[in-house]
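Novice: Next up is a structure, given as structure tokens.
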Amino acid sequence: MTDEPAADEPTPHDTPDRPDPDRSSQGGPSGTAAPASTAVRVARTLLGAAGLAGIGYGIAGLLDEPAYTDKWGVAEWLVGGLLLHDAVFAVLVFVLGAAAMRAAPGRGPAPWVRRTFLGGLAVGIAATLIALPALVRPGTPPNPSVLPLDYGRNLAVVWGVVLAVTGITIAVRKWRAGRG
């Protein structure tokens, strides 16, 4: 005997008092996602191809530019960014997401609210990682135009906007779900 509900039993997140707008309009059984349409697959393929073309263009430009004499330094920076993403950002978002989705099943915010919050959190963490080099750079750069802004304040503004947009998104979706 297992502790998991049978396939036809509602889970704590499927209770009628907690509508999940994400799943109400999906065509699959029990709220499962319908397969992607042809238009979605074509759009994904085109966007992926455009992204790869942009990466190729950037690499070609970097290799052809004589002003960049420290190509290994650039490569180290790019690899470092990938490692930072995979070792810190992705892990942090995964752990926080798993904790948020498993926290207090049947109580607390509905799953769609948690997912929306996690989306905002992912954007904020990404912005923080992008701003991190400017925030932790020691001393004053010899060229004052290198870091001319107050990056700490600007990061706080970005977090404020992310939190506001996330909160407004949740409020509007709850309001729309209550009207339906």
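What follows is calculated from the coordinates using simple rules that are stated; it is not laboratory data. Just so it is clear, the model here is predicted, and its values are computed rather than measured. Here Cβ is always computed from backbone atoms with ideal geometry, including for glycine, and neighbour counts include all displayed protein chains.
Novice: For Leu78 and Ala103 in one chain, what is 0.36 nm times their gap in residues minus the Cα-Cα distance, to one decimal in nm?
Specialist: Roughly 5.4 nm would be gained on extension.
Novice: Using R₀ = 41 Å, calculate the FRET efficiency as 1/(1 + (r/R₀)^6) where r is the Cβ-Cβ separation of Ala43 and Asn143; round to 0.05.
Specialist: For Ala43 and Asn143, the calculated efficiency is 0.45.
Novice: Sort the range 45-99 into rounded, prolate or oblate with this rule: let a ≥ b ≥ c be the square roots of the eigenvalues of the Cα gyration tensor; rounded if a/c is under 1.5, and if a/c is not under 1.5, prolate when a/b is larger than b/c, oblate otherwise.
Specialist: oblate
Novice: Using 7 Å Cα-to-Cβ label points, what is the Ala36/Ala171 separation (nm, one decimal)?
Specialist: 3.4 nm
Novice: Where a ≥ b ≥ c are the square roots of the eigenvalues of the C-alpha gyration tensor, would you call the range 87-180 rounded, which needs a/c under 1.5, or, failing that, prolate if a/b is larger than b/c, or oblate?
Specialist: It is oblate, given that a/c is not under 1.5 and a/b is not larger than b/c.
Novice: Here's something else I'd like to know. How large is the charge dipole for the range 70-180, taken about the Cα centre, if only the Cβ atoms of Lys, Arg (+1) and Asp, Glu (-1) carry charge, to the nearest 20 debye?
Specialist: Using only the charged Cβ atoms, the result is roughly 840 debye.
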